[in-house]
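The values are calculated or read from the model by the stated rules, or taken from the named source; none is laboratory data. Because the structure is predicted, anything quoted here is derived from the model rather than measured. Please note: Cβ atoms are built from the backbone with ideal geometry, for glycine as well, and neighbour counts cover all protein chains shown. The protein model used for the area step is the full one, side chains on, heavy atoms only, and it has no ligands, DNA or RNA in it. Shrake-Rupley method; radii C 1.70, N 1.55, O 1.52, S 1.80 Å.
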Amino acid sequence: MSVGTGSAPGARQVARPPAPRPGDLGDLGIDPDQLPDGLVVADEHGRVICFNRAAVRIAALPAEQALGRRIESALPLQDLEGRHWWQLTDPYGGLAIRVGQPERNLLLPGGREVLVAARYVRTRPTGPLRRLVVTLRDTDARRRTERSHAELIATVAHELRSPLTSVKGFTATLLRKWERFTDDQKRLMLETVDADADRVTRLIAELLDISRIDSGRLEVRRQPVDIGAAVGRHIQAYVAAGQPADRFLLRIQHPLPDLWADPDKIDQVLSNLLENAVRHGEGTVTIDLTPAPSPREPEHGEHAATSVTVSDEGPGIPEDSMNRVFTRFWRGSKRGGTGLGLYIVKGIVEAHGGTITVGRARAGGAQFRFTLPVGAPAFARDLPRSAR
């Protein structure tokens, strides 16, 4: 492996291997200082011959003080139990069949935590070590991920506490004082318990969806979906719950292409977007259904996808918040809820091969538009339209 020193002016110069092999950094025209991670390379004698700029930043050690020194002296790493890592791994004197060390958390002097991995470069499979290549990474990204997970747990725990407290309170009261309540009072309590149980179920479903989205395991079971009828059902549910019928305007541009999608997940997307428009918006909620080009393959034609736009006439979303709308825990100006709904919506749409955007509606409110490719299975594309 041939690499430059990437050192600051005045750094000690060291000899390099004669000619780069295909795939070496020098052969690719890449300076080690251009790498985002810390790169430390030691020669066959264990002396540092490369200490790039990222390594200088992470280790807080000038390159000129590292070059030429033994690697265990330049990087005195310890594991989380305080043991010297170089003594434990013994790259130059250990088994010759080893190829490296997997990434792990180690400590620099002063207790700073870094992610370290090592690669052993040999001239032949069991030959002596020719190069020891070590990468260093900050733990900031991992800590952000851990904080995000902790925040998710805290948020969901908070949201679960309220319905579970209600369920426990009502059931305990009914068990102790059943005879004292009228039938109407009992019915009201049981309806409340039922609604809170539904809320808990919904929260658990959100957690499962997030887990599948994050791991790329969200399954999409495609079936023919009448998107107009699906939107109509949601509108009817809101009207039955007390919303005025004239608050909703459904506009369909015919003919819409046949849509193959997961009906349950599309219902979940529509439910979230309409709930946001009703709860946070004002005035008329307008839903436009139009044919559109495929979101990822526009060359497939103008009617290869269906676009759904949900607009309201409320205050809208501030410009500086639009890039955060589909992130976890975004709740806008009004608190309440887990802030996970739009994150899940984006995951579902993208699992279908679609796209979703947010903007400002003509009336000034928020506007969400998602576009789904037709997605018909191969066997369905050959069927006549009447047979589908």
Flag if Val308 is open to solvent by less than 20 Å² (accessible area, probe 1.4 Å) and either at pLDDT 90 or above or not in a loop (DSSP other than H, G, I, E, B) (or both): yes
Evaluation of Gly100 against (1) farther than 30 Å from Ser215 by Cβ; (2) open to solvent by 20 Å² or more (accessible area, probe 1.4 Å) (one fails), failing number: (1)
All positions within region 158-179 that are within 18 Å of Leu207 (Cβ to Cβ) and open to solvent by 50 Å² or more (accessible area, probe 1.4 Å): His158, Arg161, Ser162, Leu164
Residue satisfying all of: in region 104-143; out of contact with any Cys (no Cβ under 9 Å at 6 or more places or on another chain) and of a type in the set (Val, Ile, Thr); farthest from Gly38 (Cα to Cα) among these: Thr126
Scope region 273-305; condition more than 27 Å from the chain's Cα centre (by Cα), open to solvent by 40 Å² or more (accessible area, probe 1.4 Å) and modelled with pLDDT under 85; matching residues: Glu299, His300, Glu302, His303
Search result, residues across region 265-283 that are farther than 17 Å from Phe326 by Cα and without any contact (Cβ under 8 Å) to a residue 40 or more places away in the chain: Asp267
Pick from region 69-97, criterion surrounded by fewer than 17 Cβ atoms within 10 Å (Cβ to Cβ) and of a type in the set (Gly, Ala, Ser), ranking: modelled with the highest pLDDT: Ser73
Region 181-206 residues that are open to solvent by 60 Å² or more (accessible area, probe 1.4 Å), paired with ones that are acidic (Asp, Glu) and part of a helix (DSSP H, G or I) (beta carbon under 9 Å, 6 or more apart): Arg199/Glu159
Region 341-375, residues that are assigned to a helix (DSSP H, G or I) and either more than 20 Å from Glu206 (Cα to Cα) or in contact with a Leu (Cβ under 8 Å, 6 or more places away or on another chain) (or both): Val345, Gly347, Ile348, Val349, Ala351
Matching option when the condition is closer than 28 Å to Glu81 by Cα, of a type in the set (Gly, Ala, Ser) and assigned to a helix (DSSP H, G or I), among Ala172, Ala150, Ala205: Ala150
Residue within region 124-138 that is at pLDDT below 90, surrounded by 14 or more Cβ atoms within 10 Å (Cβ to Cβ) and not in a helix (DSSP H, G or I) present: yes
Residue satisfying all of: in region 214-255; acidic (Asp, Glu) and part of a helix (DSSP H, G or I); most open to solvent (accessible area, probe 1.4 Å) among these: Asp246
